[in-house]
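In what follows, a structure is listed as structure tokens, so that the remarks can point back to it.
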Amino acid sequence: MSLAGARSPELGDRPTLVVPLGSVEQHGPHLPLGTDTTVAAAAAAGLVDRRPDLLRGPPLAYGASGEHEGFPGTVSIGTQALTTVLVELGRSAGRWAGRLLVVNGHGGNLEALRAAVPLLRQEGRDVAWFPCGVPGGDAHAGRTETSLLLHVEPAAVRTHLAEPGETAPIAELLPRLRSGGVAAVSPNGVLGDPTGASAGEGEQFLTGLVDRLVAAVDGWDLGPDGRLRG
């Protein structure tokens, strides 16, 4: 069931609410600014398809994306504001929802999640988060995200504009990323190589992600930072 399309009496007793969390930020010359939100929403939809007892909420499209502000189109509300939004969302939803799960599509949101979710849990609310990671995937706007978008929203991908960016490991780039953002290490905004991406590979990535997400929800085993293990 979709929260946005539901009527209040239809919600039942203390449902689990699943909220996708993304960002509005540059994703190179070939992917849309809403890529992270699209991926998080697709993962949440896949979860609810497999677990129809869950309730899918509308995505939170704005996140903490300061590292991408060297590129037009990026809109970041920052970690402090995002933390506040997540805390207030959890407190409000907790009045009627038994559980809240945030499905996160953007790495820059992690600091806010690691602050907000443990606070909500300390207040007695059953809240958790889960990352939309792909094991072995590249960092940003590369083959991983391009394949996912080719599967989920192919019309949004400008394949003729896809080009490699900076492909060095993130660990090597961190000092420059922290001081100057993505623009300091990759003029085209890509951290990875999108060439060779395919819808078929994207389908495999999404299926694996949803499999891990379903297993994590079934186990509901949380780490100290509120992340679902699985």
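Annotations for the structure displayed:
- Within region 109-194, the proportion of C-alpha pairs whose separation exceeds 23 Å stands at 41%.
- Ligands, DNA and RNA left out, the accessible area of region 1-90 computed with a 1.4 Å probe is 56% carbon and sulfur.
- Per-selection Rg to Rh, region 29-168 - Cα, Kirkwood hydrodynamic radius: 0.99
- Region 5-10 - phi-based ³J(HN,Hα) in whole Hz, Karplus 6.51/-1.76/1.60, Gly and Pro as x: x, 8, 9, 3, x, 7
- In terms of the mean number of neighbouring beta-carbon atoms within 10 Å, the peptides 183-190, 52-59 order highest first as 183-190, 52-59.
- Taking amide hydrogens as placed 1.01 Å from N in the peptide plane, the amide H of residue 227 sits under 5 Å from those of 129, each at least 5 positions away in sequence or on another chain.
- The fraction of accessible area contributed by carbon and sulfur in region 130-193 is 54 percent, rounded to a whole number (1.4 Å probe; ligands and nucleic acids excluded).
- Using alpha carbons only, the radius of gyration of region 65-138 set against its Kirkwood radius gives Rg/Rh = 1.03.
- Relative contact order of the chain: 23 percent, from C-alpha pairs under 8 Å at least 6 residues apart in sequence.
- Positive-end residue, region 147-230 charge dipole about Cα centroid, Cβ charges, pick of 184, 205, 157: 184
- Selection from 52, 89, 20, by position along the positive dipole direction of region 13-105 (Cβ): 52
- P(r) tail fraction, region 80-230 - alpha-carbon pairs more than 27 Å apart, %: 36 percent
- 222 nm mean residue ellipticity, helices alone, for the chain (DSSP H n ≥ 4; -39,500 (n - 2.57); rounded to 500): -12500 deg cm²/dmol
- Table column - 3J(HN,Hα) (Hz), region 16-30, Karplus curve with 6.51, -1.76, 1.60, x for Gly and Pro: 8, 9, 10, 10, x, 10, x, 6, 10, 7, 4, 9, x, x, 10
The values are calculated or read from the model by the stated rules, or taken from the named source; none is laboratory data. A quick note: this is a predicted structure, and the numbers were derived from the prediction, not measured. Note: ideal-geometry Cβ built from the backbone for every residue, glycine included; neighbour counts use all protein chains shown. Heads up: the accessible areas ignore ligands, DNA and RNA and are worked out on the full protein's heavy atoms, side chains in. Shrake-Rupley method; radii C 1.70, N 1.55, O 1.52, S 1.80 Å.
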